[in-house]
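A quick write-up on the structure given underneath.
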Amino acid sequence: MVMTGKADKILFGGDYNPEQWDEAVWEEDMRLFKLAHIDTVTLNVFSWAALQPDENTYDFAKLDKILDRVEANGLKVCMATSTAAHPAWMARKYPDVLRTEHNGMRRKFGSRHNSCPNSPTYRKYAAALAGKLAERYRNRESIAAWHVANEYGGECYCENCEKAFRSWLKEKYGTLEELNRVWDTAFWGHTFYDWEEVVVPNLQSEEFYWEGSIRTNFQGISLDYRRFNSDSMLECYRLEQEAVKKYTPHIPVTTNLMGFYKPLDYQKWAQNMDFISWDNYPAYGALPEQAAMTHDLMRGLKQGMPFALMEQTPSVSNWHTYCALKRPGVMRLWSYQAVAHGSDTVMFFQMRRSIGACEKYHGALIDHAGHEHTRVFREMETLGAELEKLGGVLPGGRTKAKAAIVMDWDNWWAAEYSAGPSRLINYTEELLTYYKAFYRLNIPVDMISVEDDLSGYQLVAAPMLYMCKGGFDEKLRQFVAAGGHFLTSYFSGYVEEHDLVVTGGYPARLRDILGIWVEESDALPEGNKNCFSYNGIRYPASVMCDLLHLEGAEALGAYGEDFYAGYPALTAHDFGKGKAYYVATRSDEAFYKELIGQVCEGAGIRPLMDAPERIEVTVRENGNGVFLFLLNHGEDTEEVMLPAAGEELLTGIRYGAGEKIVMEKKDVAILKMDGWTER
């Protein structure tokens, strides 16, 4: 179990803010929690102002009462450190805690994500508060985990950050000569002769708005600032982590991540987290594949270890353009989707709706009506009862995948900072196009980093690997030579880790593995398309079309139009005992499903089972057995033929091999399988 260390059950609960209410409400909350089978609450997320009214005073009296109340009712606690928004007195007395925006504007007190991560004042008082909390509550057995700050995010460009950036660069590069080399400052006469000449890249220096997005004149500078900003916030997290570990070394520490959140390199953060937790808030109408891929990304941050779903909404979010309700059954479906992909918790924001400010219309277990007679409460109660019935059967389950998709934050930053070739370059969208194919083929896939071991996989896909870091090409070379299958796409292999072009022809370090040379790339304006053939079918080509030459590879498909008609658009190359594939353009879902299906077949990877299109299929395994999850994301009743015998855990019904299970729309089935053979 990610929080408690015990496999008691999937934890069920979420953010609870009793400090916003009179004590008379608390006992009613306890009654309602018991009805809904809530067993875990996250406390103290935004209480810094209440806990520390001035720099010398700490007041834990109310938090003591809250803890006493929840403990008396048998609840576990995920205890937050409250440092996600600094108090007003701190901003007034120590303005160095205030952030400076990308345009150079210094903020005043307000909002959240409002503290400069390099402010000595913020770091001092944040770590001090975390330590005070841990010292005070070190013997509280109810505390299952520490929750540092909340949803770290944003950026700062103040004087604190500028000075810290220079120090970070000195540590990373050592000399100005090396800095000038990796930033290629000979371009536009940018040579630096003193560290003090380095300034932050923002709208006052290197960066600018162009066609609705931020562009930069010096990708190397902006790329390093992204790394620095992520590291700065990570250092804030680590200071608080160390402060609580001093008193409670036995209690795991986390912070709630936000999925594909571009500003922070979560793969680096994960190395400093005892377990991964994250907040899942899909917009109405979002594809289930998007949430599935993000769950798999979170699972992959700790090499397949279970994670915690820390937040989701029971019904409606408050910040989407259209704050539509979750339709009946969707909350339950999406909760089990998280469990199916590796979560050992089902947690929500929030337990009771606040009455003021921007989140007062965000969904909650307890609505403004204040009682249990609501649709959302009844659905939560049903889910809570099911999780209680499941008990400790599922926690700790792992997903065995023979295929992996490489995701790298540095590559994401660099690819989308690129000065050309197209504003349609979208790294995460490219990942999703490949992920969808695995998802719809019912083939489990891990989301991995360039640092992870490849030897356990039979297929590794690295779409749009624009930045091929030193050493990763050799890792791929050994993987393919030993019999692995590798798949990549256009706009790959251009630069090394400093965003400097590797000369000699694209895809540079990957050229021998792929057996091709890319001479030119045609960026197609939005809406324009070429086409190519594959297995006798014509597919669309968009975004970019690489004009490439074969250097040992075989052409599997060729362009059909323009002056490069007949040029290879899809290639395969035998390399050692394995095979490497290159997709020279962007195509449609039908193509990727066809291609990845055939590549998986060639790699010896079989689907988990056949199922209707809108049925999601996943498997988790632990010491209790193999568990098959079936999730109906469609609007129709579906029949699913089971590949093996098993017991459906939510109903207790046993099914034989080849029998059909009937699933209503938005329904879930979890089967403990008999004699399941590895696919």
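Evaluating A523 against the criteria (1) farther than 22 Å from G560 by Cβ; (2) touching a residue at least 60 places away in the same chain (Cβ under 8 Å); (3) out of contact with any Cys (no Cβ under 8 Å at 6 or more places or on another chain); (4) of a type in the set (A, V, I, L, M, F, W, C) leaves one unmet condition, (1).
Within the range 640-679, the set of residues being open to solvent by 70 Å² or more (accessible area, probe 1.4 Å), under 29 Å from P282 (Cβ atoms) and within 32 Å of the chain's Cα centre (by Cα) comprises E664, K665, K672.
Conditions tested, residue by residue: (1) at pLDDT below 95; (2) surrounded by fewer than 20 Cβ atoms within 10 Å (Cβ to Cβ); (3) small (G, A, S).
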{"site": "Q219", "(1), (2), (3)": "no, no, no"}
{"site": "Y225", "(1), (2), (3)": "no, no, no"}
{"site": "S230", "(1), (2), (3)": "no, no, yes"}
{"site": "R238", "(1), (2), (3)": "no, yes, no"}
{"site": "Q241", "(1), (2), (3)": "no, no, no"}
{"site": "Y247", "(1), (2), (3)": "no, yes, no"}
{"site": "I251", "(1), (2), (3)": "no, no, no"}
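Beta carbons closer than 7 Å, at least 6 apart along the sequence or on distinct chains, never pair a first residue in the range 583-597 that is over 11 Å from L441 (Cα atoms) with a second that is among the acidic types (D, E) and open to solvent by 20 Å² or more (accessible area, probe 1.4 Å).
If I filter the range 365-381 for residues that are within 24 Å of T255 (Cβ to Cβ), touching a strand residue (DSSP E or B) at 6+ places or on another chain (Cβ under 6 Å) and not in a loop (DSSP other than H, G, I, E, B), do I get at least one hit? Within the range 365-381 (the criterion being within 24 Å of T255 (Cβ to Cβ), touching a strand residue (DSSP E or B) at 6+ places or on another chain (Cβ under 6 Å) and not in a loop (DSSP other than H, G, I, E, B)), the answer is no, since none of the residues qualifies. If you filter the range 5-19 down to residues that are among the acidic types (D, E) and out of contact with any strand residue (DSSP E or B) (no Cβ under 6 Å at 6 or more places or on another chain), you find that the one that is least open to solvent (accessible area, probe 1.4 Å) is E19. Taking the numbered list (1) touching a residue at least 12 places away in the same chain (Cβ under 8 Å); (2) in a loop (DSSP other than H, G, I, E, B) in turn, D453 passes all entries but (1). Of everything in the range 20-38 that's touching a residue at least 40 places away in the same chain (Cβ under 8 Å) and charged (D, E, K, R), which residue is most open to solvent (accessible area, probe 1.4 Å)? Among those that are touching a residue at least 40 places away in the same chain (Cβ under 8 Å) and charged (D, E, K, R), it is E27. Considering only residues in the range 466-482 that are closer than 18 Å to V518 by Cβ and either part of a helix (DSSP H, G or I) or in contact with a His (Cβ under 8 Å, 6 or more places away or on another chain) (or both), the one that is most open to solvent (accessible area, probe 1.4 Å) turns out to be D473. Candidates are the residues of the range 608-639 that are β-branched (V, I, T) and open to solvent by less than 30 Å² (accessible area, probe 1.4 Å); the one that is nearest to K666 (Cα to Cα) is I615.
Please verify whether Q290 is at pLDDT 95 or above, more than 25 Å from R31 (Cβ to Cβ) and surrounded by fewer than 24 Cβ atoms within 10 Å (Cβ to Cβ), treating the condition exactly as stated. Yes, satisfied. Identification of strands (runs of 3 or more DSSP E) wholly contained in the range 485-559 with 1 or more residues that are open to solvent by 60 Å² or more (accessible area, probe 1.4 Å) yields 516-523, 537-550, 554-558.
The values are calculated or read from the model by the stated rules, or taken from the named source; none is laboratory data. Since the structure is predicted, the reported quantities are computational estimates derived from the model, not experimental observations. Don't worry about glycine lacking a Cβ; one is built from the backbone with ideal geometry, like all the others, and counts go over all protein chains shown. The area values use the complete protein model at the heavy-atom level, side chains included, leaving out ligands, DNA and RNA. Shrake-Rupley method; radii C 1.70, N 1.55, O 1.52, S 1.80 Å.
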